[in-house]
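Visitor: Okay, handing you the structure first.
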Amino acid sequence: MPGGILTLITFVPLVGAIVIAFLPRERPDLARFTALAAALLTWVFSLYMLIGFLPTHPGFQFVEVADWIPAFGIQYKLGADGLSVVLVVLTTTLTWISILASFGPIRERVKEYMISFLILEVGMVGVFLALDLFLFYIFWEVVLVPMYLIIGIWGGPNRIYATIKFVLYTLVGSLLMLVAILATGFAFQDAHGGQWAGAFDFEQLRAFAGTTGFANGLQLGAFLAFFLAFAIKIPMFPFHTWLPDAHVEAPTAGSVILAGILLKLGGYGFIRFALPLFPDAAKTYAPVIIVLSLIALIYGAIVALVQPDLKKLVAYSSVSHMGFVTLGIFIFQQQGLYGAILQMVNHGLITGALFLLVGVIYERTHDRTIAKMSGLSGRTPVYAATFGFFMLASVGLPGLSGFVGEFLVLVGSFAYAPAVAGLATLTMIFTAGYLLWMYQRLFFGEVSAFLHEIGSHLTDMRPVETLTLVPLATLVVVFGLFPGLVLHLVEGTVTSVLNGLGRATAINLLFWQ
Amino acid sequence: MSGQDLLTISPLIAAILVAVAVLIVDLVAPGRREPALATALLGLGIVAILTAVAGRTPGQAFGGSYTVDALTTFLDLLFISIVALTIAFAPDYLEPRDLPIAEFAAVLIFALTGAMLIAASTDLLVLFLALELMVLPGYLLAAYAKRDSLSTEGAIKYFLLGSFSSAIFLFGLAYVWGLTGSTRVADVAAELGKIASGGAALSPGLALGLAFMTTGVAFKIAAVPFHYWTPDAYQGSPTPVTGYLSVGPKVGAFALILRLFVGALGSLRGDWLDVVIVLAALTMTLGNLVALTQNNVKRMLAYSSIAHTGYMLVGLAAYAGGRQEGLQGLLYYGAAYTFMNLGAFAVVAALQRRPGVTSSLDTFAGLGRREPLLGILMTLFLLSLTGIPPTAGFFGKAYVILAAVQAGGPLTILAVIAMLNAAAAAFYYLRVVVYMFMREPATEAESQRHGNLVWAGLWTTSVLTILLGLIPAPLLSVVSDAARALGS
């Protein structure tokens, strides 16, 4: 494996974006295909990384280090472990699919759209690969601006409200995380006789956290700041209110990336940074976070049940599904953590596909009100079948990938506390309820008057649309039957995170010094 | 006075000569802007080179009242860039309004000499003279559109409050002089050092003097609650002047703070720590809250500049809390703020090229479609002002926050307040982006042509805004040298 592969994966989209900037405005097709080519190239490189990755090898691989701001020990440091590899490949896959899915719907300012999308990819991939906290923060914020533009420029009628809400929520969390990052780096520097070297290096910080450990006060404060940033991103109840607005207003591809990748940044942040660096604080806060996860699970499902808008329903189902992720992470069990990671991947695939499918019907009817549609199955059989497939995957049908992640989390939570597992299982019934009911209202029964009016515009799936969904469907089946493919990759990550936590003890909140 | 003294202050003399030369060129070739502009910009280039050369031999002149060290050089070069950029941005705005350009450049360069003198003075009296030399041309500039009633109103407010605060400052200075027996910064510092080490008590007179001086300086940097002159002066002034006023005199006043509060009163920093913390928290919070409600971009940027004063004060507070890094952060932030804010004002000025165009938010509607490049550059400046990486503004914020976190204690809370403020500020900065890219204009405005100088200035500020965020290391070493020159 040649060096620099990670830099290549991170910055090929940027090169694509720069090229697009110089293309003539009158030729939107050039911009479209350049963007697709850049995204596909990135995808190929990420697959190359996946093939070269050695799951049995502990620690980070393909590590690249260069001094960036030596005065503060800040480095340009990239590296990948199993978790990074899985999420990077998920990102690169969903990105080219989203770009392809934008060919039809995006007709205005195509150049700017494609540039935003590619820069978004730079940020997302960078977040998953950065091993320097400062660098991580920079990529984290880089994600924000293109998404702000994508929702704000190409979104629905209420897009400005939605996009500003999205940015403000995210910024509050991330700016406080910046304070925590700087405080952590300084604590490391202070403990090393004022030497800044390595103060933001994740591996050194983790080693420090695993031996000496950060002071209790710092851990409690910094974990809280990290938690806020990640909880808003995931989003956890009660920080989720930006999500339905953002999803409803975002263009289809924006929703796919939002649900597929952006929400995972939060889960990734917990597993990669918050737990290893502040294990004691994580143990301290875990019960609260588990309760919040359970609320998110049930609340998200119940609210999804009553949504009149199809996209909002899928958005709330994300809140519920991501509850499994945080639950799986914070029960500190092997199965739970495996399940959480798997759930992140599966949710990315399944919900991404569901948003694409919502986009298909919206393209034709310019409406997403569930009540206005019925009897779609007669008019668009292929669409109905595809929708049914992903809907069942989302319900958690055994054999499809959605099942395995949730099942593992449930097994883990049963070991943690049967009551928790009981409540979480209850959610799965709700999930089946709102998804099946939604499906029934959309596809069965008489063709509604509204759909009659649309008439011949209501066509079945176009080849491009099918093309975007086939890879996702394939992966859903493959991961459903062989979840070991993913689990095998992240074994090293799970072991190291749980080892770190094993030595930790909860901080007594009343008597810490 | 010796020959060596003259050599040491040669950049200052050169700057005065350049200002005079600009006026003479304008006399010889009246009504033509090119010769005057060329003289001004070339002259400033020479001043910059002289500054860099003089900065290589640190030393003092005139018996210790004038000091050349790394801090002087850094600040001087910053002031020179501020003035040069303002001169580059101004003609496109002034010419259509029949405002003379050569005088504008000359007055600015006179102000520059004042700012450069502040950066170098280590004597309280010289410091005061330098301050006046810097702000007096500022009053002139604020009233530059003399037929515009708003401009005159703003200038009068600026002048009255400015003179008032100068008087307060001078009053405090008199106390300090009387009670320490010297106006030399080094002597005052030694005298106060005795008090700090417990050898003597802080007399009520001295405390009063310090309080008056703090108040005077707080006016100059427009810290809350001494900021009331800012919005009117900023909104009324011709836009390029506003850009200059929001940066030049502010950085100048911070230079004064560094020379005075750090150089002379540094040993008492524990005593003014609380005051700076409160000032910083109030300044950024109030500046941001009021900026949130503005519909005029110029006025919004005026309030936001108050908020930025607050962030810079966080750096000063971190210094008072015992961290040298606070000064470095303050200086870095000053440089970052200079370029991003000048850039933002330059875009506003470019939009207002045609007389009669207001700086209201509506003017920005559809700019992203009408003039995409201008829209993108403005977005960059606004993102930097918000503090989004990888821009200069982000690194400046990270730096002062790092210093505050290092100082710990109440400063950690101040850091959190600063970050919450930054998040709130995102709302009004991004609102401009919303207008530029996400709204259609109510009336179709035509796109305008902008002069080469404006583009050159915009490219300079935008490239620096990105570079200072992406490759901060070179400037980091400069500011740490500059901060070290002040002693710890």
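The values are calculated or read from the model by the stated rules, or taken from the named source; none is laboratory data. This is a predicted model, so every value here is computed, not measured. Note that we place each Cβ from the backbone using ideal geometry, even for glycine, and neighbour counts take in every protein chain shown.
Visitor: Return a yes/no flag: does the range B:397-408 have any residue that is modelled with pLDDT under 90 and either more than 8 Å from every other protein chain (Cβ to nearest Cβ) or within 22 Å of A:ILE153 (Cα to Cα) (or both).
Guide: Scanning the range B:397-408, I find at least one residue that is modelled with pLDDT under 90 and either more than 8 Å from every other protein chain (Cβ to nearest Cβ) or within 22 Å of A:ILE153 (Cα to Cα) (or both), so the answer is yes.
Visitor: Is there any pair with a first residue in the range A:69-86 that is among the acidic types (Asp, Glu) and a second that is in a loop (DSSP other than H, G, I, E, B) whose Cβ atoms are under 6 Å apart and which are 6 or more apart or on different chains, and what are they?
Guide: A:ASP81/A:PHE60
Visitor: All but one of (1) closer than 25 Å to A:VAL172 by Cβ; (2) touching an Asp or Glu at 6+ places or on another chain (Cβ under 9 Å) hold for B:ILE417; state the number of the condition that does not hold.
Guide: The failed condition is (2).
Visitor: Answer yes if at least one residue in the range A:178-192 is touching a residue at least 60 places away in the same chain (Cβ under 8 Å) and more than 11 Å from chain B (Cβ to nearest Cβ), and no otherwise.
Guide: There is no residue in the range A:178-192 that is touching a residue at least 60 places away in the same chain (Cβ under 8 Å) and more than 11 Å from chain B (Cβ to nearest Cβ).
Visitor: Going through the range A:1-46 one residue at a time, which ones are in contact (Cβ under 8 Å) with a residue 60 or more places away in the chain, over 18 Å from A:SER102 (Cβ atoms) and part of a loop (DSSP other than H, G, I, E, B)?
Guide: Hits for the range A:1-46 are A:MET1, A:GLY3, A:GLY4.
Visitor: Which one is farthest from B:GLN60 (Cα to Cα), of the residues in the range B:11-37 that are touching a Gly at 6+ places or on another chain (Cβ under 9 Å) and free of Cβ contacts under 8 Å to residues at least 40 places away in the same chain?
Guide: Filtering the range B:11-37 for residues that are touching a Gly at 6+ places or on another chain (Cβ under 9 Å) and free of Cβ contacts under 8 Å to residues at least 40 places away in the same chain, the one farthest from B:GLN60 (Cα to Cα) comes out as B:ALA21.
Visitor: Of the numbered conditions (1) at pLDDT 90 or above; (2) surrounded by fewer than 24 Cβ atoms within 10 Å (Cβ to Cβ), A:ASN216 fails exactly one; give the number of that condition.
Guide: (1)
Visitor: Using the structure shown, decide if B:THR67 is hydroxyl-bearing (Ser, Thr, Tyr), at pLDDT below 95 and farther than 18 Å from B:ALA482 by Cα.
Guide: no
Visitor: Which residue out of A:THR95, A:THR34 is away from every other protein chain (no Cβ under 14 Å), within 27 Å of A:THR466 (Cβ to Cβ) and in contact with an Asp or Glu (Cβ under 9 Å, 6 or more places away or on another chain)?
Guide: A:THR95
Visitor: Restricting the search to the range A:474-499, which residues are under 18 Å from the mean Cα position of the chain (by Cα) and more than 21 Å from A:ARG272 (Cβ to Cβ)?
Guide: Result: A:LEU475, A:VAL476, A:PHE479.
Visitor: Return a yes/no flag: does the range A:173-184 have any residue that is among the polar types (S, T, N, Q), surrounded by fewer than 23 Cβ atoms within 10 Å (Cβ to Cβ) and over 22 Å from the mean Cα position of the chain (by Cα).
Guide: No, there is no match, as no residue in the range A:173-184 is among the polar types (S, T, N, Q), surrounded by fewer than 23 Cβ atoms within 10 Å (Cβ to Cβ) and over 22 Å from the mean Cα position of the chain (by Cα).
Visitor: If you scan the range B:458-488, which residues turn out to be within 9 Å of chain A (Cβ to nearest Cβ), without any contact (Cβ under 8 Å) to a residue 40 or more places away in the chain and touching a helix residue (DSSP H, G or I) at 6+ places or on another chain (Cβ under 9 Å)?
Guide: Across the range B:458-488, the qualifying residues are B:ALA473, B:SER477.
Visitor: Hey, does the range B:440-450 have a residue that's over 22 Å from the mean Cα position of the chain (by Cα), hydrophobic (A, V, I, L, M, F, W, C) and within 12 Å of chain A (Cβ to nearest Cβ)?
Guide: no
Visitor: Also, quick follow-up: Is at least one residue of the range B:347-370 of a type in the set (A, V, I, L, M), under 26 Å from B:PRO474 (Cβ atoms) and under 22 Å from the mean Cα position of the chain (by Cα)?
Guide: no
Visitor: Further, regarding this structure: Hey, A:GLU121 hits all of (1) within 11 Å of chain B (Cβ to nearest Cβ); (2) under 19 Å from the mean Cα position of the chain (by Cα) but one; which does it fall short on?
Guide: Condition (1) is where A:GLU121 drops out.
Visitor: So the check is Cβ under 7 Å with 6+ separation or different chains; which pairs have a first residue in the range A:152-173 that's under 19 Å from B:GLY368 (Cβ atoms) and facing another protein chain (nearest Cβ under 7 Å) and a second one that's among the polar types (S, T, N, Q) and in a helix (DSSP H, G or I)?
Guide: Filtered contacts from the range A:152-173: A:GLY152/A:THR163.
Visitor: In a helix (DSSP H, G or I), among the basic types (Lys, Arg) and within 21 Å of B:LEU117 (Cβ to Cβ): which single residue out of B:ARG269, B:ARG299, B:ARG259 fits that description?
Guide: B:ARG259
Visitor: Restricting to the range A:193-218, count the residues that are within 14 Å of another protein chain (Cβ to nearest Cβ) and under 27 Å from the mean Cα position of the chain (by Cα).
Guide: Summing the residues that are within 14 Å of another protein chain (Cβ to nearest Cβ) and under 27 Å from the mean Cα position of the chain (by Cα) in the range A:193-218 gives 1.
Visitor: From A:LEU472, A:LEU397, grab the single residue that is at pLDDT 85 or above, aliphatic (A, V, I, L, M) and not in a helix (DSSP H, G or I).
Guide: The conditions single out A:LEU397.
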